[in-house]
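Peer 1: Take this structure, written in structure tokens, and hold onto it; I'll ask about it next.
Derivation of every value follows stated rules applied to the coordinates shown; laboratory data play no part. Every value quoted in this text rests on a predicted model; they were computed, and no experiment measured them. As a convention, Cβ positions derive from the backbone with ideal geometry for all residues, glycine included, and neighbour counts pool all protein chains shown.
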Amino acid sequence: MIVATDTQKQTTYILAKQNPIDPPEQFAAIIGDHFVNTYPHIHAAHVKIIQHRWTRMTIDGKAHPHSFYRDGEEIRVVESVTREGEGVSIRSKIEKLLVLKSTGSAFHGFHRDEYTRLPETWDRILSTEIEAGWQWKLFKNLDEAKAIDFNAAWTAARDITMKVFAEDDSASVQATMYKMCDLILAALPQVEAVDYALPNKHYFEIGTSHICNQQKFDLLTLLQISPGTRASRILVKTPPSLLPSRTLTVSSIAPSLARVQRRSYRDNITY
């Protein structure tokens, strides 16, 4: 017997009226618990919630009572599965968090063979769109899930991610991801696994003196290239007083992945 999409939608609206929707992990568990316990022929309920960043507008120095703006593309994602007789599995995520630092990143000492063309570097620009996820230990029931402070955990995971990215003298993207995973596992004992995807958005500095013929003006070009596309954005600025050096910056994307398990996690990193 099918439970219609309309029924699922209207049920979610009513549950949102009757229960707290924050934190989203708890609300996802409430939805899953409802469907498994309401319909005898449903034995598992999969729920996904995406939370966008909305910030209240400030108008004439005052917070506006009913106007907001989308504060960046970063999203908070929750995926839960409630299974009859087993419990609630919850996974929390940060996605589309775009970051960049202009120094403090290297990549050298990696394996080289006849197919390797990448040169070693001891200092480079590091930019990535962070995707971080952490899997909670299985909750036996809804009450156990309600006892967790998911918001504090999400804030801690995000703060760790940002702090390590900014302060780590990165030997490689993979090494930085490992440190992030290690710290989150230490900070959140109810979490059993952490994983990251940090696709590199490489920015290369290219001297232009041979183009500019030693003339005293500056050129900065930012070219972002996404998979399957040509150029998504080009910005050109030429005022000599604004830019300190002649630089051409080109961005491209290459994926990097890491996953750390709580048990024997030092042996479970995938690069």
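Peer 1: Enumerate the amide H contacts of Asn200 below 5 Å, restricted to partners 5 or more residues apart or on another chain; note that Pro and chain-start residues carry no placed amide H.
Peer 2: Amide H neighbours of Asn200: Ala254, Ser256.
Peer 1: So what J values fall out for the stretch 177-182 if you push phi through Karplus, 6.51 cos²θ - 1.76 cosθ + 1.60 with θ = phi - 60°, rounded to Hz, Gly and Pro as x?
Peer 2: 4, 4, 5, 4, 4, 4
Peer 1: List the lysines whose Cα lies under 16 Å from the Cα of Lys93, skipping any in the same chain that are fewer than 8 positions away.
Peer 2: Lys48, Lys137
Peer 1: Let me know the shape class of the stretch 1-146, please: from the alpha-carbon gyration tensor, a ≥ b ≥ c as square roots of the eigenvalues, rounded when a/c is under 1.5, otherwise prolate if a/b is greater than b/c, or oblate. Intermediate values should be presented prior to the final figure.
Peer 2: Values: a/c = 3.13, a/b = 1.51, b/c = 2.07.
Cα axes put the stretch 1-146 in the oblate bin.
Peer 1: Something else: Just to check I understand the Karplus step: with θ = phi - 60° and J = 6.51 cos²θ - 1.76 cosθ + 1.60, what whole-Hz values come out for the stretch 18-35, glycine and proline as x?
Peer 2: With the stated coefficients, the stretch 18-35 comes to 8, 9, x, 9, 10, x, x, 4, 5, 5, 4, 5, 5, 4, x, 4, 4, 5 Hz.
Peer 1: For the pair Thr38/Ala171, report the inter-label distance in nm, with labels modelled 7 Å from Cα in the Cβ direction.
Peer 2: 5.3 nm
Peer 1: A further question on this structure: Any idea how far apart Glu144 and Val99 come out in nm if each label point goes 7 Å out from Cα toward Cβ?
Peer 2: 3.1 nm
Peer 1: Using R₀ = 30 Å, calculate the FRET efficiency as 1/(1 + (r/R₀)^6) where r is the Cβ-Cβ separation of Lys163 and Tyr69; round to 0.05.
Peer 2: Numbers: r = 27 Å, r/R0 = 0.89.
With R0 = 30 Å, the Cβ-Cβ based efficiency is 0.65.
Peer 1: Quick query: amide H of Ser172 versus all other amide H atoms, modeled in the peptide plane; which residues come in under 5 Å with a sequence gap of 5 or more or a different chain?
Peer 2: Ala106
Peer 1: Let me ask something else. Could you name the aspartates and glutamates whose alpha carbon sits less than 19 Å from that of Lys101, not counting residues in the same chain fewer than 8 places away?
Peer 2: Excluding near neighbours in sequence, the set is Glu73, Glu74, Glu120, Asp123, Glu129, Glu131, Asp159, Glu167, Asp168, Asp169, Glu205.
Peer 1: Taking square-rooted eigenvalues a ≥ b ≥ c of the alpha carbon gyration tensor, is the stretch 1-58 rounded, prolate or oblate, where a/c under 1.5 means rounded and, failing that, a/b exceeding b/c means prolate? Walk me through the intermediate numbers first.
Peer 2: Details: a/c = 2.52, a/b = 2.19, b/c = 1.15.
Prolate is the answer for the stretch 1-58, as a/c is 1.5 or above and a/b outweighs b/c.
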